[in-house]
1. Quick check: with the 1.4 Å probe, what order do T147, T74 take by accessible area, largest first?
2. Quick check: net charge around T153, other residues with Cβ under 12 Å of its Cβ, Lys/Arg +1 and Asp/Glu -1?
3. Just read off the accessible area of S188 with the full protein assembly in place, 1.4 Å probe, to the nearest 10 Å².
4. Once you place label points 7 Å from the Cα toward the Cβ at R84 and A132, how far apart are they in nm?
5. Evaluate E = 1/(1 + (r/R0)^6) for A14 and L121, where r is the Cβ-Cβ distance and R0 equals 25 Å; express this FRET efficiency to the nearest 0.05.
6. Run through all the Cα pairs of the chain and give the fraction in each 5 Å bin from 0, expressed as whole percent.
7. If R₀ is 41 angstrom, what is the calculated FRET efficiency for the pair D104 and H23, using the beta carbon separation as r and rounding to 0.05?
8. Relative contact order of the chain, please, whole-number percent, based on alpha carbon pairs below 8 angstrom and at least 6 residues apart.
Amino acid sequence: MELQDFLAYLDSGARVEAGSPVHLCMHGLSQEALRLTAELNGGYHTPEELRDIMTRLTGRPVDDTFALFQPFYTDSGKNIRLGRNVFINSGCRFQDQGGITIGDGSLVGHNVVLATLNHDLDPAHRADLLPAPIVIGKNVWIGAHATVLPGVTVGDNAVIAAGAVVTKDVPADSVVGGVPARVLKTISAGEAP
């Protein structure tokens, strides 16, 4: 299966049946991601070298303003889209098969998990995968140890508190926290934390 066909299938949100050609392609891409993340995490790299590895991992050019502190983990890499001035702190884990988009100026804290796949609740189809994208808007701040679940959109300028589990969309200009996350406040222009 060609990469573009694979990504189009996942981006459609269609079920990935266990053992199907799409599922087998997913496993092949995971092996490449394991190799590239081992290279990424195996030692010191200059910012330019990190961007080069991330370009190979995502299959897309990574902007010169992108910054990453290792280690970083993903089980595909090919369905990650990164904006300008994005910073990803150490220990993050992206399960990106369903698609992860991170907007310009967004900051991702230590040990954040972005998960875009669910398994079917029906035990007869438990090994099937259900992809749903995560879209992070512009100037979003995701605190350490937060988890964002499949299908969530985070609006521009939002803040996700440390340790939050985000199960539904986050409005722009809001602060969410808790398990499950809920809106704690609205951010006013020029407001300090």
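1. T147, T74
2. Local net charge: -1.
3. S188 has an accessible surface of roughly 70 Å² with all protein chains in place.
4. Rounded to a tenth, the inter-label distance reads 3.3 nm.
5. Result of the calculation: an efficiency of 0.90.
6. Histogramming the chain at 5 Å steps yields 2, 8, 16, 21, 19, 16, 12, 6, 2, 1, 0 percent.
7. Calculated value: 0.75.
8. 14 percent
The values are calculated or read from the model by the stated rules, or taken from the named source; none is laboratory data. The structure presented is a predicted model; accordingly, all values stated were derived computationally and were not measured. Here Cβ is always computed from backbone atoms with ideal geometry, including for glycine, and neighbour counts include all displayed protein chains. All accessible areas refer to the heavy atoms of the entire protein, side chains included, with ligands and DNA or RNA removed. Shrake-Rupley method; radii C 1.70, N 1.55, O 1.52, S 1.80 Å.
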